[in-house]
2 protein chains.
Amino acid sequence: MKCIRCREKACVQLRAHNSAFCKPCYLLFFRRQVERAIHHEKMFRPDERILVAVSGGKDSLALWDVLVDLGYQTIGLYLGLGIGEYSDGSRRCAEAFAQARDLPLRVVALEETGPGLGVPTIAASTRRTPCAACGTMKRHYFDTAALEAGVDVLATGHNLDDEAARLLGNVLHWQREYLARQRPVLQPKHPKFVRKVKPLYLVSEYESAVYAFLRGIEYVVEECPNSAGATQLGYKDVLNRLETASPGTKLRFVKEYLRTAQPVFAEVDERPLGECERCGMPAYGAVCGFCNLVLEVETKRDRLVAHP
Amino acid sequence: MKCIRCREKACVQLRAHNSAFCKPCYLLFFRRQVERAIHHEKMFRPDERILVAVSGGKDSLALWDVLVDLGYQTIGLYLGLGIGEYSDGSRRCAEAFAQARDLPLRVVALEETGPGLGVPTIAASTRRTPCAACGTMKRHYFDTAALEAGVDVLATGHNLDDEAARLLGNVLHWQREYLARQRPVLQPKHPKFVRKVKPLYLVSEYESAVYAFLRGIEYVVEECPNSAGATQLGYKDVLNRLETASPGTKLRFVKEYLRTAQPVFAEVDERPLGECERCGMPAYGAVCGFCNLVLEVETKRDRLVAHP
């Protein structure tokens, strides 16, 4: 198998792209994929400051690596979710990456901030699944960190597999509000929000893993222990089956959605956005999703104190 | 496990409906499901004449059985596709069903009608997959048979699994025109068309198989030999996986689509419909899909005669 760019021996085969690459050409291909997404979707300009949410995993570190490589002004943001050894290991990877490259990294440990609640505590004390609680919490801390850091943009490492699985879930339930918001760029709908972008949205999980490996990036390999049996993984599994039977399925599913169907749903999302009366961050109701979670935990705790 | 209606011993469990039934209650449940679909979607009235497309399989024979049972005026339509032993067996089942119940059955053998081309000949001589060619041909012969029989409605045995798989395929490619037309009732857009309905669209493959079995209906069990490896079967497979993980997935996928998303796509389908210059049936272009297929075969045959 030969590299389709330079005809040297290839080390990576990408069936969805009907391509194969040697190491240097693959790194170039990957960077260009990200660059093209940034330009095509007008994610950010070179003069803008970008907060990169890094989990210590392959996707977010590959993203940070490419953005630095392309000369963008970045700050890393690591959220310590408090999920035992998994969080310790992922923090070490994020910190090691930043130190080795002399990049600024903000670390926010959930258990030492605000109400002081990690993901396990919240998940155990509310009726949400861990993944649902974690999503709400991460969104809140991303938003507050972006506001505090005074950046223009928040970039996350969501890849094609993530986006395709989320789209499949949204489609199986036909959740029009979620479908309306599923885009690689979300413009801020409130002065306290910044633009949110997903520069890896057309890059598969496999592609970012290969990039991280070839660049010698040390990343946390373990999956989050809470994700076992998660619905999202079931969606990824069936999409991988469809992809094997017909390479390019995921890419077409996400790209065609954005091109032909998303504009139809986008018109739906017109709810007015106010501010949460507890934390002051933007909210659709009186209280934001994050404070709702915290309230649930506090109510349960108060009940336990009253009737131990 | 007890029947949820009469508390007798249950013989069927339906996880998607969180239900279990004994034989008489199951037959009642199934009939009511079909009845409700007919009334809710205003498929047809008791004074209308219905042409029921029967393949000899469980779905179409279960449908015919229920419609007769509910007192509707029906005529069966069997298309002989010319697919060797599979077609022979399915014809025997359709004829035996009609004879035993003294019901009128029209039989149209493709190889003895019009251009005299069976599915294998067409599939071998064109670049379509057998399933694509077969779909186009069946549509044409259904339409002409309904016109000749002077009925008001054409009913097919498409079940929930068929509809969910078709919806998944349409969604993976975001084919807006197909999405616009995916409804359990299609009103005729031309005087030569009749209304097309799918009374089993909320009834799973499993449910119709159980109904046919409990009613003692003899149906052809073999799958069409052309369907091996068909894309549609891959979609059914992944939907079955999602259904096992979360019972009710298929039902919700199809029902919610029709309720919340389909109206959005429905506005797209506004192409003008003329008549095919070859066969006179309605067509979007100068020649209909069926005649296009026949033309392809004839052109190829002429070439072979000229340069054998």
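The values are calculated or read from the model by the stated rules, or taken from the named source; none is laboratory data. Values in this document were obtained by computation on a predicted structure and should not be read as measured data. Neighbour counts are summed over all protein chains in view; Cβ atoms, including those assigned to glycine, are modelled from backbone coordinates with ideal geometry.
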For B:GLU243: the one exception among (1) under 22 Å from B:ARG183 (Cα atoms); (2) within 19 Å of the chain's Cα centre (by Cα): (2)
Looking only at region A:112-127, count how many residues are surrounded by fewer than 16 Cβ atoms within 10 Å (Cβ to Cβ) and either touching a Cys at 6+ places or on another chain (Cβ under 6 Å) or not small (Gly, Ala, Ser) (or both). 3
Residues of region B:173-190 satisfying the condition of being within 13 Å of another protein chain (Cβ to nearest Cβ) and without any contact (Cβ under 8 Å) to a residue 40 or more places away in the chain: B:HIS173, B:TRP174, B:GLN175, B:TYR178
State all residues of region B:6-27 that are touching a Phe, Trp or Tyr at 6+ places or on another chain (Cβ under 8 Å) and under 21 Å from B:LYS58 (Cα atoms); if no residue qualifies, say none. B:CYS11, B:VAL12, B:LEU14, B:PHE21, B:TYR26, B:LEU27
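Does B:LYS189 count as modelled with pLDDT of 95 or more and either surrounded by fewer than 20 Cβ atoms within 10 Å (Cβ to Cβ) or touching a helix residue (DSSP H, G or I) at 6+ places or on another chain (Cβ under 8 Å) (or both)?
No.
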Would you mind stating whether A:LEU258 is within 14 Å of chain B (Cβ to nearest Cβ) and either of a type outside the set (Lys, Arg) or out of contact with any Ser or Thr (no Cβ under 6 Å at 6 or more places or on another chain) (or both)? yes
The helices (runs of 4 or more DSSP H) lying entirely within region B:1-117 that contain at least 1 residues which are touching a Pro at 6+ places or on another chain (Cβ under 8 Å) and among the hydroxyl-bearing types (Ser, Thr, Tyr) are B:84-101
Across region B:64-103, what is the total count of residues that are within 26 Å of B:GLN33 (Cβ to Cβ) and in contact with a Ser or Thr (Cβ under 8 Å, 6 or more places away or on another chain)? 7
Please pick out the residue among A:ALA123, A:ALA62, A:ALA132 that is of a type in the set (A, V, I, L, M) and closer than 22 Å to A:ARG181 by Cα. A:ALA132
Residues of region B:19-47 classified as surrounded by fewer than 17 Cβ atoms within 10 Å (Cβ to Cβ) and of a type outside the set (D, E, K, R), total: 6
Quick check on my filter: what residues within region B:215-232 are exposed (fewer than 15 other Cβ atoms within 10 Å of the Cβ), of a type in the set (A, V, I, L, M, F, W, C) and closer than 21 Å to B:ARG166 by Cα? B:ALA228
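Does B:LEU242 qualify as being surrounded by 14 or more Cβ atoms within 10 Å (Cβ to Cβ), more than 10 Å from every other protein chain (Cβ to nearest Cβ) and within 18 Å of A:TYR235 (Cα to Cα)?
For B:LEU242, the condition - surrounded by 14 or more Cβ atoms within 10 Å (Cβ to Cβ), more than 10 Å from every other protein chain (Cβ to nearest Cβ) and within 18 Å of A:TYR235 (Cα to Cα) - is not met.
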Look through region A:65-118, keep the residues that are within 15 Å of A:TYR219 (Cβ to Cβ) and among the small types (Gly, Ala, Ser), and return whichever of them is modelled with the lowest pLDDT. A:SER87
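Mind telling me which of the residues B:VAL153, B:VAL119 ends up being more than 30 Å from A:LEU172 (Cα to Cα) and in contact with a strand residue (DSSP E or B) (Cβ under 8 Å, 6 or more places away or on another chain)?
Result of the check over B:VAL153, B:VAL119: B:VAL153.
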Going through region B:129-165 in order, the residues found to be basic (Lys, Arg) and surrounded by fewer than 18 Cβ atoms within 10 Å (Cβ to Cβ) are B:ARG139
Considering A:THR144, A:THR121, A:THR136, which residue is modelled with pLDDT under 85, of a type in the set (S, T, N, Q) and assigned to a helix (DSSP H, G or I)? A:THR121
Note on A:TYR141: of the conditions (1) among the hydroxyl-bearing types (Ser, Thr, Tyr); (2) more than 15 Å from the chain's Cα centre (by Cα); (3) closer than 18 Å to A:MET281 by Cβ, unmet is (2)
Among the residues that make up region B:217-235, is at least one of them within 12 Å of chain A (Cβ to nearest Cβ), at pLDDT 95 or above and closer than 20 Å to B:ASN170 by Cα? yes
Region B:261-303, subset acidic (Asp, Glu) and more than 14 Å from chain A (Cβ to nearest Cβ), residue farthest from A:GLU177 (Cα to Cα): B:ASP302
If I go through region A:56-92 residue by residue, how many of them are buried (at least 24 other Cβ atoms within 10 Å of the Cβ) and of a type in the set (A, V, I, L, M)? 7
Of all residues making up region A:157-212, the number that are in a loop (DSSP other than H, G, I, E, B), of a type in the set (Val, Ile, Thr) and either within 30 Å of A:PRO24 (Cα to Cα) or more than 16 Å from the chain's Cα centre (by Cα) (or both): 1
